[in-house]
1. Can you grab the distance from the C-alpha centre of region 31-104 to the C-alpha centre of region 154-220, Å, no decimals?
2. Tell me the relative contact order for the chain as a rounded percent, counting alpha carbon contacts under 8 Å between residues six or more apart.
3. Angle between the Cα long axis of helix 169-185 and the longest principal axis of the chain, 0 to 90 degrees, nearest 10?
4. Using the Karplus curve 6.51 cos²θ - 1.76 cosθ + 1.60 with θ = phi - 60°, what ³J(HN,Hα) values do you get for each residue of region 118-133, in whole Hz, with x for Gly and Pro?
5. Quick one: dipole size for the chain, taken about the Cα centre, charges +1 on Lys/Arg Cβ and -1 on Asp/Glu Cβ, in debye to the nearest 20.
6. What residues have an amide H closer than 5 Å to that of Gly20, excluding those fewer than 5 places away on the same chain, when H is modeled at 1.01 Å from N in the peptide plane?
7. Can you give the calculated 222 nm mean residue ellipticity of the chain, where each DSSP H run of n ≥ 4 adds -39,500 (n - 2.57) and the sum is split over every residue, rounded to the nearest 500 deg cm²/dmol?
8. HN-Hα J couplings of region 83-93 from phi, Karplus 6.51/-1.76/1.60, θ = phi - 60°, integer Hz, Gly and Pro as x?
Amino acid sequence: MTDTMTPHALRRGALISLEGGEGAGKTTVLVALRARLEARGHAVVGTREPGGTPAGEAIRALLLDPAQPLVPNTELLLMFASRAQLVETLVEPALARGDMVLADRFTDASFAYQGGGRGLPMGLIADLERAFVGRMPDFTLLLDLDVQAGLARARSRGAPADRIEREKDEFFERVRGAYRARAAAQPQRIGVVDASQPVEAVVQDACAALDAFLDRWNAP
Ligand code: T5A
């Protein structure tokens, strides 16, 4: 039986996340990943973090508001408050139906931004993950890009910088370092795509990595 013929009821849902620094190009890649999943016969639930639920979107507005000075612990707990709401009301029900959940960022972002960027203990973040999330993504794609190039792309959109985008370059270097360290430590789960390439090549590499994951995931 080919993959496209597999009855939906026999499929297992998977949580797939897309990560990267500022301006890495997640938006375009997400559209392509969703199309690829649907072409392979999967029902897809898309979401984003922070956010993805009404409560989560309210938390996101607070987190990204440049007028709200937040201490690192508050930032971390708000990220997990949004995630807890998302996991219980959207992620787990979708996975239980056998759907694919395609997430624009997930817990790896907390390890990278609050752990790497803010310097909060990785063990604390892992404890929060165990207590309030209870799962890691089944597959993660990291769009890896030089910090300056990413910030230039993000600024080229012309939108005012949010609270996190206003951080110094060193912050984003630490974020990138933490992402790359996680990818090196978990190569089976986290695939790295060179996001400095032209969009078409980034999309091609991302879809190839997704296909390889789906072949493993759907294997009998
Ligand atoms: N955060 C999040 C935490 O600190 N902790 C957490 O736990 C979580 C979950 C919001 C912020 O929250 C932080 C991280 C973030 O600072 P977000 O909404 O994902 O997260 O915000 P951003 O990362 O800021 O998302 P962006 O929209 O800025 O980045 P994208 O989506 O990666 O960038 P995109 O696709 O809009 O591309 C940017 C520009 O570059 C162009 C695009 O056309 C666009 O103009 N572009 C390319 N140009 C040349 N070559 C390519 N290959 C290109 N790809 C895209």
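1. If you average the Cα positions of each part, the centres end up 17 Å apart.
2. Details: 327 pairs, mean separation 68.4, N = 220.
Taking the mean separation of contacting Cα pairs over the length of the chain, I get 31 percent.
3. 30 degrees
4. 8, x, 6, x, 4, x, 5, 5, 5, 5, 5, 4, 4, 6, 10, 10
5. Numbers: 26 positive and 29 negative charges, 40 e Å.
Once rounded to the nearest 20, the dipole reads 200 debye.
6. When sequence neighbours closer than 5 places are left aside, the close amide H contacts are Leu143.
7. Details: 8 runs with 103 residues, N = 220.
Only helices count here, giving -15000 deg cm²/dmol.
8. Ordered by residue, 3J(HN,Hα) equals 5, 4, 4, 5, 5, 6, 9, 10, 5, 5, x Hz.
The values are calculated or read from the model by the stated rules, or taken from the named source; none is laboratory data. What you see is a predicted model; the values in this text were computed from it and never measured. Because the Cβ atoms are built from the backbone with ideal geometry, glycine has one as well, and the counts that use them run over all protein chains shown. In case anyone asks, the SASA skips ligands and DNA or RNA and just uses the protein heavy atoms, side chains included. Shrake-Rupley method; radii C 1.70, N 1.55, O 1.52, S 1.80 Å.
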